[in-house]
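What follows is a single structure, written as structure tokens, with notes after it.
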Amino acid sequence: MCDHHEEKFRFNTPDFSKLNRQAGRRNFLTQTSMGIGALALGSLLGNKLFSNSPKPVVGNATGDMEQEILKAIPHFAPKAKRVVYLFMAGGPSQFETFDYKPVLEKLRGQNLPDSVRNGQRLTGMSSGQALLPVVPSAFKFNQHGESQTWISDLLPYTAKVVDELCIIKSIHSEAINHDPAITFLQTGNQLPGRPSIGSWLSYGLGSDNENLPTFIVLVSKDASKDQPLYARLWGNGFLPSEYQGVQFRSGKDPVLFLNNPEGYDGADRKEMLAYLSQLNQLQNSVYGDPEIDARIAQYEMAFRMQTSVPDVIDVKDEPDEIFDLYGPSSRDAGTYAANCLLARKLLEKDVKFVQLYHQGWDHHGSLPAHMPGQCRSIDQATGALITDLKRRGLLEDTLVIWGGEFGRTVYSQGKLTPTDYGRDHHPRCFTMWMAGAGVKPGITFGETDDFSYNIVKDPVHVHDFQATLLHLMGIDHERLTYKFQGRRFRLTDVEGKVVRDILT
């Protein structure tokens, strides 16, 4: 910068002494040399004075109450240190997986009784049907493990680890269509704009590994794209943007825009970030915007990830036995099996929340033809992940979750034939399972009626599931809040209770 421009720049710089000063952390940072820019640069250059803090740093915009809440987290001793959430997008049928209903064999083709439906609304895809013919599963079930749990023959590898699972058959939701249903599971509200579960955990608990994001997302490249996925499902909503999920992709650049451009080295990046931090600090001094703090934190993280990400995604040192365990496709980056293996590596690195999305479960028609392949695509790797975590000693403090946004109907959508049927969306009851830290292994919780249409025992609402997840991480769901537009929000809104009967 020439002297003339430098003087002009100085002349136009705000007089910081006349700005409204805020007490506490922001006042300290804005009055100390280069302020937050200095801290950012210091971190990049190896200064550990302010790093490794387990608590997130939040701007004053959230208010004193949020600051006190964050200081108190965890609210009690956590059972789980990390979570891997295997999300089956599209709504897997409970009839073909975990909710065995042998009585339906005698009722095949009969119209669903009005006393069972009880006026429940239907989607537009089946509301015009003259009949709602009951259809049993085309696939057999058998009992497995010491728990003698009924599991579909489509899931033989999952059946091998059934004594590690807590199968919840009574999850229920109000959302009957995909977008609001999956948004509800992931953010606690059917409408877009709220923070995702991983973002809430990142905000509340911070990171245990300063070189990797707290919240990482993996999407299967080998899944059927019958329903879209949106980046907002792992978004930060109204939380500062540093708490959003970071998607790892398969291919040359697992994280977009992470690598230096051609002809640009690490020293250049450090110098650029130092100047950029000073500019951000000037803007922060004027506006006091917490998003500027988040921006600086993201630049720092991106710099550190340049060395940490290539190491964690490199699986060349994994023995053949591991690839055999997860299945042949685990050698193909981006597949569900490869993502399960990568998830284990990320959990070993103390990444707090890893979310896997696997599409293809929206079986409105030709279910008998499509369901076997869909189950094969996830079964071996899912069982392998449980096995692998357990033998490495990670399952005892890692929570594993499996499930979709809703279940499927007992009646056939469209024409029922001797060899073919489909199932529509059904939010009134569906099955998920949890395993690992703090969850009772080898149990089944909740019961549905003979039609898997209504819950007859121990209902678990989506907000109850979310409250239980946070509880296992040491968080009281009613106390983790964030003030936005005059209201304090939380993941479970104004509902939710911890399902204590499934906890150890």
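The values are calculated or read from the model by the stated rules, or taken from the named source; none is laboratory data. Every value quoted in this text rests on a predicted model; they were computed, and no experiment measured them. So basically every Cβ, Gly included, is an ideal-geometry build from the backbone, and we count neighbours across all protein chains shown. These accessible areas exclude ligands, DNA and RNA; they are computed on the full protein's heavy atoms, side chains included. Shrake-Rupley method; radii C 1.70, N 1.55, O 1.52, S 1.80 Å.
Within segment 381-400, the residues that satisfy the criterion of being within 21 Å of Leu503 (Cβ to Cβ) and over 19 Å from the mean Cα position of the chain (by Cα) are Lys390, Gly393, Glu396.
Does at least one position in segment 375-384 carry a residue that is closer than 30 Å to Glu242 by Cβ, in contact (Cβ under 8 Å) with a residue 12 or more places away in the chain and not hydroxyl-bearing (Ser, Thr, Tyr)? So far as segment 375-384 goes, no, none of its residues is closer than 30 Å to Glu242 by Cβ, in contact (Cβ under 8 Å) with a residue 12 or more places away in the chain and not hydroxyl-bearing (Ser, Thr, Tyr). For segment 124-178, which positions are among the acidic types (Asp, Glu) and touching a Pro at 6+ places or on another chain (Cβ under 9 Å)? Within segment 124-178, Asp163, Glu164, Glu174 qualify.
Can you tell me which residue among Val246, Val219 is in contact (Cβ under 8 Å) with a residue 40 or more places away in the chain, open to solvent by less than 70 Å² (accessible area, probe 1.4 Å) and among the β-branched types (Val, Ile, Thr)? Give the derivation first.
On the way: Val246 fails: in contact (Cβ under 8 Å) with a residue 40 or more places away in the chain.
Just a single option satisfies the conditions, and that option is Val219.
Filter segment 339-370 down to the residues that are among the aliphatic types (A, V, I, L, M), open to solvent by 10 Å² or more (accessible area, probe 1.4 Å) and over 29 Å from Asp424 (Cα atoms) and list them by number. Leu342, the sole residue that qualifies.
Among the residues of segment 177-193, those that are of a type outside the set (A, V, I, L, M, F, W, C), farther than 12 Å from Phe353 by Cβ and open to solvent by less than 40 Å² (accessible area, probe 1.4 Å) comprise His178, Pro180, Thr183, Thr187, Gly188, Asn189.
Conditions tested, residue by residue: (1) over 30 Å from Thr419 (Cβ atoms); (2) of a type in the set (Val, Ile, Thr).
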| residue | (1), (2) |
| --- | --- |
| Asp311 | yes, no |
| Phe323 | yes, no |
| Ala333 | yes, no |
| Leu342 | yes, no |
| Glu348 | yes, no |
| Val351 | yes, yes |
| Tyr357 | yes, no |
| Gly360 | no, no |
| Pro368 | no, no |
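Residues in segment 194-216 that are under 20 Å from Ala343 (Cβ atoms) and either free of Cβ contacts under 8 Å to residues at least 12 places away in the same chain or crowded, with 24+ Cβ neighbours inside 10 Å (or both): Ser196, Ile197, Gly198, Ser199, Trp200, Leu201, Ser202, Leu205, Pro213, Thr214, Phe215, Ile216.
Among the strands (runs of 3 or more DSSP E) confined wholly to segment 127-173, which include 2 or more residues that are in contact (Cβ under 8 Å) with a residue 40 or more places away in the chain and out of contact with any helix residue (DSSP H, G or I) (no Cβ under 8 Å at 6 or more places or on another chain)? Outline the logic, then answer.
Working: elements: 141-144, 149-152, 165-172.
Those strands (runs of 3 or more DSSP E) span 165-172.
Taken over segment 327-338, the criterion of being in contact (Cβ under 8 Å) with a residue 60 or more places away in the chain, open to solvent by less than 10 Å² (accessible area, probe 1.4 Å) and in a helix (DSSP H, G or I) is satisfied by Tyr336 alone.
The selection criterion, being crowded, with 22+ Cβ neighbours inside 10 Å and more than 25 Å from Phe184 (Cα to Cα), does not hold for Leu394.
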